[in-house]
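Written below as structure tokens is the structure these notes are about.
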Amino acid sequence: MSNHNKHRLPIRGAGFIVLIAFIYSLATTLIIPVMPIYIKRFFSSPAYVGYFLAFTYLLILIYILSTIYFLKYFNKWLLLKISALGFSITLFLLTLVNTLTQLVIVEIFRSLFIAVSFVIVGLLIRDESTKKTINRNEGLYFSIINSSFFIGPIIGGLLANAYSLNQVFRIAALFPLIVFLFLIGKRDTENKKPEDVNLIKSIILFFQNRQRTINYLITLGLLSWLTIIYIYTPLYMAQEGLNEKIIGYFLALTVLPLIILEVPATRLTQKYGYRKLFFLGFLLIALFGALTFFIDNIYIKLLLLILTNVGVAFIEPLKEAYFFETSNRKEETRYYPIFKTAIDVGYLTGPIIFSTILLFTNFKSMFLIASLIMIVFGIISLSIKK
């Protein structure tokens, strides 16, 4: 694609990045309703599924930190192209896996491509934003991505129910391939490379800043809760005899509060500030999550879990916007990969904690304990600057 043709694209700037991210994320959201069940093939207990996913999130965490070095030597667009192609290939390879060893090998590489694209997309959106437009663009990004979290699980669940789990992976592999083909002629531009790629020094400096640390903990807490929605609830539903189609519908419905509320939530920061909205978010998650303990009807319980995402909507887009609002351009390139590890630390610690709880109790008690933990993160969020 020539530079001339690039400027003729109907969607440019942050909108173009969001479009790419939407297509890419469809691959992830298609497999959401089937991934825990797929992994369960290799283990005897659902608790071990959580431990295995914690291992993959540890890999992603390590890879995200490594992007600090990738960004020094490689262009963002080149990294995005490679990760899209690699993600497509590894998704297809999941259909050929027969042993746990094979699964581990594929996940080692798939996690790398997920991590790199994850960081690059966030940085590209920031490159196309100003301090005035970053809130709006982050709200747009999360709103569009969440629409893929609505569409993907429905399609994935229906495909799994009508055909097979492997067919879901084959179709999912097409979406990052489309992204790769879309970007193949994208003209690279010179990166603003970080001046210092000393990882240990960057991590220390990141956590010396109190506001960045609190925001990191807020993000960690939120993502640990989302493992309840995306890992343990599908396992619970499967245990109760619900099929992949119903699981797909449930996961799609969890996204509706996010699609409806996340853009308005970013606007509310002007009136109420970040601190009140973060606290409100965790309080709502804890309230609706805890109520599931007192309900036996599985469908009412699932409705309450869907409503926890009303709280998530007040946290998810704001954590990114707060990071960029409290960082200058040099800090963004140096610290953004470190900040993004909060997501995978949450995905790592959530399954470790909740799977351990599940080994000694049941899903009902685990949901309650996870909800009470969210109150702790709500209290932590009150320490953020007004």
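Each reported figure results from applying straightforward, stated rules to the coordinates on display, with no laboratory input. Quantities reported herein were computed from a predicted structural model and do not represent experimental measurements. As a convention, Cβ positions derive from the backbone with ideal geometry for all residues, glycine included, and neighbour counts pool all protein chains shown.
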Under the Karplus relation with 6.51, -1.76 and 1.60 and θ = phi - 60°, whole-Hz ³J(HN,Hα) for the range 226-233, x at Gly and Pro, equal 5, 5, 4, 6, 9, 10, 7, 5
For N243, placing the label point 7 angstrom along Cα-to-beta-carbon and taking the range 91-121, residues whose amide nitrogen sits under 17 Å are none
In order over the range 82-96: 3J(HN,Hα) from phi, Karplus 6.51/-1.76/1.60, θ = phi - 60°, whole Hz, x for each Gly or Pro, gives 4, 5, 5, 5, x, 5, 4, 5, 5, 5, 5, 4, 4, 6, 9
Relative contact order as a percentage, the range 9-381, C-alpha pairs under 8 Å and 6+ apart, gives 29 percent
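Using DSSP to define loop residues, name the trypsin sites (Lys or Arg not before Pro) in the range 47-131 whose beta-carbon has at most 16 other beta-carbon atoms within 10 Å.
Counting only loop positions with at most 16 other Cβ atoms within 10 Å, the trypsin sites (Lys or Arg not before Pro) in the range 47-131 are K131.
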When the charge dipole of the range 252-362 is computed with +1 on Lys and Arg Cβ and -1 on Asp and Glu Cβ about the Cα centre, the Cα farthest towards its positive end, among L268, F339, G350, belongs to L268
Per principal axis, largest first, the Cα atoms of the range 299-377 extend in Å by 47, 25, 19
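Using unit Cβ charges (K, R positive; D, E negative) and no other charged atoms, how large, in debye to the nearest 20, is the dipole of the chain about its Cα centre?
Numbers: 35 positive and 18 negative charges, 216 e Å.
It works out to roughly 1040 debye.
On alpha-carbon atoms, Rg over Rh for the range 336-386 using Kirkwood Rh? Present the calculation step by step, with values, prior to reporting the outcome.
Numbers: Rg = 13.5 Å, Rh = 12.5 Å.
Dividing the radius of gyration by the Kirkwood radius yields 1.08.
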Summing +1 per Lys or Arg and -1 per Asp or Glu among the other residues with Cβ less than 15 Å from L348's Cβ gives -1
Cα gyration tensor of the range 9-381 diagonalised, 5x eigenvalues square-rooted, in angstrom largest first, produces semi-axes 30, 25, 19
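Counting Lys and Arg as +1 and Asp and Glu as -1, what is the net charge of the other residues whose Cβ lies under 14 Å from the Cβ of I154? Mind dumping the intermediate values first?
Values: positive: K245; negative: E244.
Here the count lands on 0.
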Expected unfolding gain across V376-I105 under the 0.36 nm per residue rule, minus the alpha-carbon gap, is 93.9 nm
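Among the listed pairs K72/K340; K276/K364; K276/K340; K76/K340, which are separated by more than 28 Å between their Cα atoms?
On the way: K72/K340 17 Å; K276/K364 30 Å; K276/K340 23 Å; K76/K340 16 Å.
Table pairs above 28 Å Cα-Cα are K276/K364.
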Once phi for every residue in the range 108-113 is put through the Karplus expression 6.51 cos²θ - 1.76 cosθ + 1.60 (θ = phi - 60°), the whole-Hz ³J(HN,Hα) values, with Gly and Pro written as x, are 4, 7, 4, 4, 4, 5
So the pair-distance distribution of the range 224-367, from every Cα-Cα distance in 10 Å bins, comes to percents of 11, 35, 34, 15, 4, 0
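Once R0 is set to 22 Å, what does the formula 1/(1 + (r/R0)^6) return for the Cβ-Cβ distance between I298 and A162, expressed as a FRET efficiency to the nearest 0.05?
Working: r = 23 Å, r/R0 = 1.06.
For I298 and A162, the calculated efficiency is 0.40.
Would you calculate, for the chain, the mean residue ellipticity at 222 nm contributed by helices, counting each DSSP H stretch of 4 or more residues as -39,500 (n - 2.57) and dividing by all residues, to the nearest 500?
Values: 17 runs with 309 residues, N = 386.
That calculation yields -27000 deg cm²/dmol at 222 nm.
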Note to self: C-alpha centroids of the range 226-281 and the range 312-340 sit apart, in Å, by 21 Å
